[in-house]
Amino acid sequence: MVPSRFLWKRTLLQRGLTAAVFFLAGGITFVPRTAAQAPRPRATAPQASQAPARPKLVVLLVVDQMRGDYVDKFLGQWTGGLKRLVEEGAWFRDAAYPYAATETCVGHATISTGAFPATHGMVANAWWDRKDQKMVTCTADPDPSVKNIGYAGATPQGADTAWRMAVPSFAEELKFQTSGATRIVTFSLKARAAITMAGHKADAATWFDAGAWVTSSLYGTLPFIEEQAKSHPAKADFGKTWSLSLPSAYWYGEKALGAVPPVGWDLTFPHPLRGKSGVGEADPDFYNQWASSPYADTALTELAEKTVDALSLGKAAGTDFLAVSYSTVDYVGHEFGPRSREIQDILVRLDKDLSNLFAHLDAKVGRGNYVVALTADHGVVPVPEDMQRTGADAGLLHLPELQERIEKALEAFRYPKPAVASVSGSDVYFAPSVYDKLQHDPAAMQAVLHAALEQPGVAAVYRAEELRDRPASESPMHRAFAYSYFPGRSGDLFILPKPYWLLDGTPTGMQRSYGTGHGVPYNYDQHVPVLLMGFGIQPGQYFQPITPADIAPTFAALCGITLSSRDGHVLAEALMKPRSFSSPPRTAAAQAAKTNP
Ligand SMILES: [Zn+2]
């Protein structure tokens with residue numbers, strides 16, 4: 001919110017290739033788990049290669065709000081982990097979400113489950129709960145037996161779990177299908193990222209809230225996270241300064257047009273981490289600054305490295321799962337926009353953090369023993385004031401005004417006021433029974449649709465009944481809203497803004513508290529990087545259109561498990577041909593073939 005792509009038709013050729021890879025991969029993954037479950041390999045069997053049959057560790061990295069074109073633009077300035085992913089990995093250059101609701105909770109749930117929101121049900125960061133008549137966040141859990149718990153003595157509010165996620169994550173399927181041999185650990189600054197990546201149960205899912213690392217009683221705490229939270233708290237970064245790290249080569253001006261920096265910062269570097277007043281102790285403004293600084297990314301990286309050491313990830317019988325969602329690019333993007341020195345610099349710093357993380361994984365798990373995917377949950381639109389400089393049609397689609405227009409339109413039809421319960425991003429929710437009535441009242445429905453279309457910046461309005469059951473459609477926009485539609489949670493009407501028009505929920509008369517946002521089915525919000533590297537991955541650049549829902553099925557293929565959803569596909573083209581996995585069998589016949597051409 002503010003705050004397409006078509007699913008290509010799979011050709012017979014692609015299907016054949018997938019089948020071939022599965023068949024061949026089956027040959028190398030057919031390893032007995034225990035002596036009791038399967039017969040011992042025959043003594044004459046070919047020598048097993050040194051590479052393991054399955055990855056020892058699956059690493060999922062999500063960079064919140066990282067647009068796909070950041071890789072194209074800034075690759076030349078990277079020397080660390082981001083560069084390594086491009087050079088040693090498989091780079092999918094045309095990856096995009098096919099659905100409309102390009103938000104954090106939705107994207108992370110899609111990446112983690114391999115399903116679209118119409119399947120996994122996480123339709124937004126927050127939606128209008130029709131039963132309770134209030135907004136609920138995607139992770140809010142009403143179960144009174146569950147509560148959030150804090151590390152290092154913190155006492156967080158609320159209760160957050162994945163109970164609203166309608167399908168299991170890849171990680172929990174992996175753990176379930178390998179009889180618990182998998183350890184699942186996730187980190188993010190955001191609950192909706194850490195939780196969706198982990199799933200309904202995990203060994204640890206940790207996020208950041210009001211200056212502290214927290215989790216849910218459902219997941220429980222781990223001693224090494226407690227130790228890290230105590231020895232390296234965020235407030236230890238109080239007084240540090242974020243300065244530009246490159247001597248030159250910044251693409252954009254010193255001050256990002258239309259930017260709204262965090263309290264205590266201005267529009268130019270350096271950005272001090274000193275809270276509101278600039279002196280004293282870590283206050284809420286300091287923690288906002290910290291979350292918008294490279295120090296937050298580094299803290300998440302250190303937590304990931306500690307996990308590898310403390311749990312000896314990749315050393316146990318099963319395939320372990322480690323996920324980190326780096327939230328800072330999202331905060332910086334909302335504040336300064338995609339065309340800012342801040343975005344360019346935060347990626348240079350993240351590139352270094354990822355370099356350290358991969359070096360750590362190489363040393364502790366072993367190069368080639370782990371597979372890593374890096375992607376993003378959504379992109380972002382340029383700051384409207386900045387876009388307007390180009391002469392293009394861009395602006396703010398003011399949602400409170402749109403809500404007012406709909407109310408006014410229904411006055412003539414004597415609907416009870418307020419007729420609209422909530423407008424949240426694209427979704428318009430009517431008060432109880434109003435939408436049922438509207439569906440049998442064509443004149444009133446027409447008046448509502450007409451009023452919505454009159455609002456500056458509105459391109460189209462979709463009705464819930466047009467989106468149910470994913471109807472076949474030639475319109476990419478119609479299809480995008482259908483992929484996002486989950487009955488009971490999605491709205492009654494859906495607003496499609498014109499390109500480069502930002503959905504703005506700022507109450508009338510108040511100042512906008514952010515620079516820009518995301519959440520619509522245009523390529524700037526949908527196009528994200530997908531990079532895979534390591535175990536079983538064939539390096540190279542790939543140009544066929546894919547979606548981030550393809551990551552989980554690809555992990556599943558490498559790990560030899562099955563996911564329930566068919567929304568995503570195995571990225572078979574980026575899987576190594578089995579011969580590259582292992583050394584060729586040294587049979588007598590093969591030897592003979594060599595010596596007798
Ligand atoms: Zn965001």
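The values are calculated or read from the model by the stated rules, or taken from the named source; none is laboratory data. It should be emphasised that the depicted structure is a prediction, and the values quoted were computed from it without experimental measurement. Don't worry about glycine lacking a Cβ; one is built from the backbone with ideal geometry, like all the others, and counts go over all protein chains shown. Protein only, heavy atoms only, side chains kept; ligands, DNA and RNA dropped before computing areas. Shrake-Rupley method; radii C 1.70, N 1.55, O 1.52, S 1.80 Å.
Go through region 106-133 and count every residue that is in contact with a Phe, Trp or Tyr (Cβ under 9 Å, 6 or more places away or on another chain) and of a type outside the set (A, V, I, L, M, F, W, C).
Total satisfying the criteria: 10.
Residue-by-condition table, conditions (1) open to solvent by less than 10 Å² (accessible area, probe 1.4 Å); (2) touching a helix residue (DSSP H, G or I) at 6+ places or on another chain (Cβ under 7 Å); (3) hydrophobic (A, V, I, L, M, F, W, C); (4) farther than 23 Å from Ala304 by Cβ:
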| residue | (1), (2), (3), (4) |
| --- | --- |
| Pro98 | yes, yes, no, yes |
| Gly121 | yes, no, no, yes |
| Pro142 | no, no, no, yes |
| Pro156 | no, no, no, no |
| Arg164 | no, no, no, yes |
| Glu172 | no, no, no, no |
| Gln177 | no, no, no, yes |
| Thr182 | yes, yes, no, no |
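Please find, among Ala376, Ala359, Ala394, Ala363, the residue that is within 16 Å of the ligand (Cβ to nearest atom) and either within 31 Å of the chain's Cα centre (by Cα) or among the acidic types (Asp, Glu) (or both).
Ala376
For region 320-352, enumerate the residues that are open to solvent by 10 Å² or more (accessible area, probe 1.4 Å) and away from the ligand (no atom under 16 Å from the Cβ).
Hits for region 320-352 are Arg339, Arg341, Arg349, Lys352.
Kindly provide the set of residues from region 254-277 that are surrounded by 13 or more Cβ atoms within 10 Å (Cβ to Cβ) and under 20 Å from Phe74 (Cβ atoms), ordered by number.
Lys255, Ala256, Leu257, Ala259, Phe269, His271, listed by residue number.
Among the residues of region 104-119, which ones are hydrophobic (A, V, I, L, M, F, W, C) and surrounded by 24 or more Cβ atoms within 10 Å (Cβ to Cβ)?
Going through region 104-119, the residues hydrophobic (A, V, I, L, M, F, W, C) turn out to be 105-106, 109, 111, 115-116, 118.
If the condition is that a residue be hydrophobic (A, V, I, L, M, F, W, C) and surrounded by 24 or more Cβ atoms within 10 Å (Cβ to Cβ), then Cys105, Val106, Ala109, Ile111, Ala115, Phe116 are the ones that fit.
Name the residue, out of Leu402, Leu438, that is among the hydrophobic types (A, V, I, L, M, F, W, C) and in contact with a Leu (Cβ under 9 Å, 6 or more places away or on another chain). Can you show your working first?
Details: Leu402 fails: in contact with a Leu (Cβ under 9 Å, 6 or more places away or on another chain).
Just a single option satisfies the conditions, and that option is Leu438.
As an exercise: evaluate Val570 against (1) within 16 Å of the ligand (Cβ to nearest atom); (2) touching a Pro at 6+ places or on another chain (Cβ under 6 Å) and give the number of the one condition it does not meet.
Failing condition for Val570: (1).
Pick out, from region 119-165, the strands (runs of 3 or more DSSP E) lying fully within it that include 1 or more residues that are aromatic (Phe, Trp, Tyr).
126-129
Being among the small types (Gly, Ala, Ser), away from the ligand (no atom under 16 Å from the Cβ), within 30 Å of Gly368 (Cα to Cα) and part of a helix (DSSP H, G or I) is true for just one of Ala482, Ala549. Which residue is that?
None of the other options fit; the residue is Ala549.
Out of the residues in region 189-229 meeting the condition of being on the phi > 0 side of the Ramachandran plot and modelled with pLDDT of 95 or more, tell me which one is surrounded by the fewest Cβ atoms within 10 Å (Cβ to Cβ). I'd like the intermediate steps shown before the answer.
The first filter runs over region 189-229 and keeps only residues on the phi > 0 side of the Ramachandran plot, leaving 199, 210-211, 220.
Checking the rest, the ones that are also modelled with pLDDT of 95 or more come to 199, 211.
On the way: Gly199: 27, Gly211: 18.
Among residues in region 189-229 that are on the phi > 0 side of the Ramachandran plot and modelled with pLDDT of 95 or more, the one surrounded by the fewest Cβ atoms within 10 Å (Cβ to Cβ) is Gly211.
With respect to Leu496, is the statement that it is part of a strand (DSSP E or B), within 16 Å of the ligand (Cβ to nearest atom), surrounded by 20 or more Cβ atoms within 10 Å (Cβ to Cβ) and at pLDDT 95 or above true?
no
Could you please give the count of residues in region 521-539 that are more than 17 Å from Ala556 (Cβ to Cβ), open to solvent by less than 10 Å² (accessible area, probe 1.4 Å) and outside any helix (DSSP H, G or I)?
5
Residues to consider are Ala359, Ala304, Ala363, Ala310; find the one that is closer than 28 Å to Ala53 by Cβ and open to solvent by less than 10 Å² (accessible area, probe 1.4 Å).
Testing whether each residue is closer than 28 Å to Ala53 by Cβ and open to solvent by less than 10 Å² (accessible area, probe 1.4 Å) leaves just Ala304.
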